[in-house]
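The values are calculated or read from the model by the stated rules, or taken from the named source; none is laboratory data. Predicted model only: the values in this text are computed from it and were never measured. Cβ atoms come from the backbone with ideal geometry, glycine included; neighbour counts cover every protein chain shown. For the accessible areas, the whole protein counts, side chains as well, though only heavy atoms, and no ligand, DNA or RNA atoms are used. Shrake-Rupley method; radii C 1.70, N 1.55, O 1.52, S 1.80 Å.
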Amino acid sequence: MKLLRNYVLKEFIGPLIMTLAVLTFVMLLGNLVKIADLIINKGVDLYNVGKLFLYMIPYLLTYTVPIAALAALLLSLGRLSSDNEIIAIRASGTNLIWLILPLYFVGIILSLVLVIFNDRVIPYAHFQTRKTLIEVGIKNPAAALEPGVFINSFQNYILFVYHIEDNKLTNVRIYEPQGENKPTRTIVARRGEFIVIPEKNILKLKLMDGTADEPDPDNPTSFYKLNFKTYFMSLNIAQEKDINKIEKKPKDMTLMELQREITHLNKETVDPAPLLTEMHSKIALAFSAFVFILIGSPLAIITRRREKSLNIGIAVLIVGVYYLLFIGAQSLSLEGYMNPQIAMWLPNAIFALIGAILTFRLCVS
């Protein structure tokens with residue numbers, strides 16, 4: 001049994017390393033085009049471009065490691081199945097579960113490593129990327145507005161924008177905490193746009209089609225709803241003079257930092273769903289490596305295909321469906337239609353269930 005385990009692992013590790021290297025290289029090349037467009041064309045020195053390039057690698061590994069594991073599994077087990085080695089193993093009285101069990105352990109190890117990676121390395125790399133962009137002068141007031149995250153860069157206000165295209169905003173939420181034990185003032189607009197006045201450090205927001213909480217003249221601690229067609233407000237832009245005092249965004253935070261921020265938002269009666277979504281997506285994406293191995297193992301044996309192109313095609317199909325589900329679940333979570341704890345784990349649960357059923361049917365047949 002030990003000999004068989006080592007043989008299967010040897011067949012798997014080789015394609016895993018090769019596929020991981022190729023996928024990472026291809027994705028780096030694709031992102032290098034963006035760097036060239038944003039950085040090189042603006043005359044940035046090679047040292048800073050090199051730093052941006054290196055900081056990009058950890059983020060890519062979050063996706064390339066699970067995909068490489070799936071592709072390597074389909075290639076290795078597909079070859080064993082097409083060469084009838086799987087039939088020979090079953091004929092010897094060995095249950096197939098013992099054949100793929102070592103691969104499950106590899107998947108768990110990869111996922112646990114990615115959890116640590118997503119919690120520590122990627123937030124650091126993402127934060128250092130932002131600092132590098134500021135160092136090379138690519139910072140403007142509008143950059144503080146990033147879709148899908150809470151923005152704390154403006155004094156007294158917390159902003160959340162679902163979508164930004166050029167200077168057009170969609171689904172804008174603005175929170176103004178009033179202090180402990182006091183209700184938070186909220187402004188919600190369907191559309192909006194911003195106008196930057198850099199010389200005065202002012203960001204003017206023009207909001208359209210929404211509602212605003214306005215103080216009640218008779219009771220300043222209470223608000224009444226004001227419906228508006230157009231609403232203007234000005235925000236002070238927080239210019240970062242000290243590069244070491246840049247405020248972290250959710251993608252820059254570790255799991256512990258996200259949890260602290262969620263606790264703070266709950267105290268301010270601000271919905272922390274986007275932060276919960278970010279926290280659970282970090283962990284769920286890490287465990288996609290195990291889920292891909294769980295569903296890929298029986299598929300590789302059932303299809304019995306040696307051709308690399310077909311196995312890669314199956315891998316692309318699985319990955320495509322998974323990430324479509326993941327993006328859809330993320331959108332439902334951010335829009336408040338589904339609990340983040342459920343939404344972000346739903347794709348993993350679906351694929352794990354399918355993999356478990358296929359494995360059970362394969363092993364008992």
Number of the exception - Ile357 against (1) open to solvent by less than 10 Å² (accessible area, probe 1.4 Å); (2) more than 22 Å from Leu255 (Cα to Cα): (1)
Total residues in region 78-92, condition surrounded by 15 or more Cβ atoms within 10 Å (Cβ to Cβ) and hydroxyl-bearing (Ser, Thr, Tyr): 2
Failed criterion for Phe360 (all others in (1) closer than 30 Å to His126 by Cα; (2) without any contact (Cβ under 8 Å) to a residue 40 or more places away in the chain; (3) of a type in the set (Phe, Trp, Tyr) hold): (1)
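Residues checked against (1) of a type in the set (Asp, Glu); (2) closer than 30 Å to Thr129 by Cβ:
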| residue | (1), (2) |
| --- | --- |
| Asn48 | no, yes |
| Phe53 | no, yes |
| Pro58 | no, yes |
| Ala72 | no, yes |
| Arg79 | no, no |
| Ser82 | no, no |
| Glu85 | yes, no |
| Ala91 | no, no |
| Thr94 | no, no |
Enumeration of residues in region 14-23 that are modelled with pLDDT of 90 or more and surrounded by fewer than 18 Cβ atoms within 10 Å (Cβ to Cβ): Ile17, Met18, Ala21, Val22
Conditions (1) open to solvent by less than 60 Å² (accessible area, probe 1.4 Å); (2) modelled with pLDDT under 85; (3) not aromatic (Phe, Trp, Tyr): number failed by Asp166: (1)
Tabulated pairs, region 258-286, first closer than 23 Å to Leu112 by Cβ, second in a helix (DSSP H, G or I) and of a type in the set (Gly, Ala, Ser), C-beta under 7 angstrom, 6+ apart or interchain: Thr277/Ser333; Ala286/Ser111
Subset tally (residues that are open to solvent by less than 20 Å² (accessible area, probe 1.4 Å) and part of a helix (DSSP H, G or I)) for region 256-288: 13
Residues being open to solvent by 20 Å² or more (accessible area, probe 1.4 Å) and either at positive phi or of a type in the set (Val, Ile, Thr) (or both) - total across region 93-119: 9
